[in-house]
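Accompanying notes for the structure given below.
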Amino acid sequence: MLNELNDFLSYSLHCANLPDQHQRRADRQFSPFSLTINGHTQVDCEVLGVITFTPVVKRKLQKHIVLSCGVHGNETAPMEICNQMIADIANEHLMVNHPVMFMFGNLPAIAKQTRFIDENLNRLFAAELDGEGDERVRARELMSEMARFFKHADDTDCGSKHHYDLHTAIRASKNEKFAVYPFTHGQAYNKQELQFMSDCGVNTILLSQGPTTTFSYYSSRYHDALSFTVELGKVKRFGENDMKKFEQVSTMLRHLIQDEVLALTPYSECPLQIFKVNQVIKKYQDDFKLHFSDDTANFTDFKKGSVLASETGRQYVAEHEGEAIVFPNADVAIGQRAMLTVIPYEL
Ligand SMILES: [Zn+2]
């Protein structure tokens, strides 16, 4: 079985047996498995594309860490990072000192190298999610696996719970790596987590200002995890990523799992740029259009009063000097978020 861990992603895609979209769940050639690596690390794979490593010797104040990737099927770099970490754990090049769960999100979309099949999986993480579409079934599966893992953390009175949902963005960004800090409902922002992001090379932080149905909001809200949606650069196909650009984040994720105490750069020395969301702009009409070119980078800022987007009956303008745009996408479904705007924020 260790062999399967050398390329866990390919193994998972193979088990999912994907060619026939409509029968794929019936076709799953997967049985759960467990094993131990040389007596020191317990390995459990109960659900396709989800694998947990737990140190056999329990220490106090262990972190419980969830690393998710492939929630959008074409965002390959984070999957390559996680897949390599799993192989390195299996081959004992990376020691696990804190329980860690890896999740490969949308397997059918990964197989097709597309963002999603029917629905954007990262809009479906709601505790009361219903419906039978493939992404809905998968969202429930991922939420229940995460709940099981974090319940173990609660039962064993562990140190802290962490969730990093790793993505790459559709468009280029002025700040190539950035992270979204989910809405905390008034809880203080965790500076250590910001230091960790900074040491990952993620120096732009976006503070979300309202509840959402993203995976990181779900883990933060329902499991009290320290969570981020982490954007690591631009979408590329498998094998086309310049992995050097991801060395820093990959190194830090390895330290996170391996080091008993994680050494971090002091907050005052972190070159962090923090923004808060100012406007969440949704698309209400078919003729919704952006008033800047398609290749405008994330975090490009505008003069106060600039028209950013329009549709029949509505116009969206920059309300502040230097208001910047993030995640613009005019192609979303009616009623969905087409763009965020952000303004600088002092923590
Ligand atoms: Zn994504």
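The values are calculated or read from the model by the stated rules, or taken from the named source; none is laboratory data. This structure is a prediction, so every number in the text was calculated from the model and none was measured. Note that we place each Cβ from the backbone using ideal geometry, even for glycine, and neighbour counts take in every protein chain shown. Quick note on the areas: whole protein, heavy atoms, side chains included, nothing else; ligands and nucleic acids left out. Shrake-Rupley method; radii C 1.70, N 1.55, O 1.52, S 1.80 Å.
Structural remarks
- In terms of distances greater than 28 angstrom between alpha carbons, the cross-link table entries 58/234; 58/276; 177/304; 177/282; 177/276 yield 58/234; 58/276.
- Were the residues from residue 245 through residue 282 laid out at 0.36 nm apart, the gain over their Cα-Cα distance would be 10.1 nm.
- Stokes-Einstein diffusion of the chain at 4 °C, 1.567 mPa s viscosity, Kirkwood radius from Cα pairs, rounded to a whole number: 62 µm²/s.
- Under-5 Å amide H pairs with residue 278, H placed in peptide plane, nonlocal only: 341, 342, 343
- Between the amide H of residue 309 and those of 291, 316, distances stay under 5 Å, these residues lying 5 or more places away or on another chain, with hydrogens modeled in the peptide plane.
- Computed log10 I(q)/I(0) for the stretch 279-344 at 0.17, 0.27 Å⁻¹: -0.51, -1.26, from the Debye equation with unit scatterers placed on every C-alpha and solvent omitted.
- Per residue of the chain, the DSSP helices (runs of n ≥ 4 H) give a summed -39500 (n - 2.57) that works out to -7500 deg cm²/dmol at 222 nm.
- Prolate/oblate/rounded label for the stretch 139-278 (Cα gyration tensor, a/c 1.5): rounded
- Chain lengthening between residue 191 and residue 56 when straightened (0.36 nm per residue, less Cα-Cα): 45.6 nm
- Look at the Cα gyration tensor of the stretch 234-324: its axes a ≥ b ≥ c give a/c of at least 1.5 with a/b over b/c, and that counts as prolate.
- Solvent-accessible surface of protein heavy atoms, probed at 1.4 angstrom with all chains present, puts 100, 332, 57 in the order 57, 332, 100, largest first.
- Label-to-label distance, nm, for residues given as residue 10 and residue 30 (7 Å Cα→Cβ offset): 1.8
- The heavy atoms of residue 267 present about 60 square angstrom of accessible area, all protein chains included, probe 1.4 Å.
- Our estimate of slack between residue 291 and residue 333, defined as 0.36 nm per intervening residue step minus the Cα-Cα distance, is 13.3 nm.
- Antiparallel DSSP beta bridges within the chain, percent to nearest 5: 55
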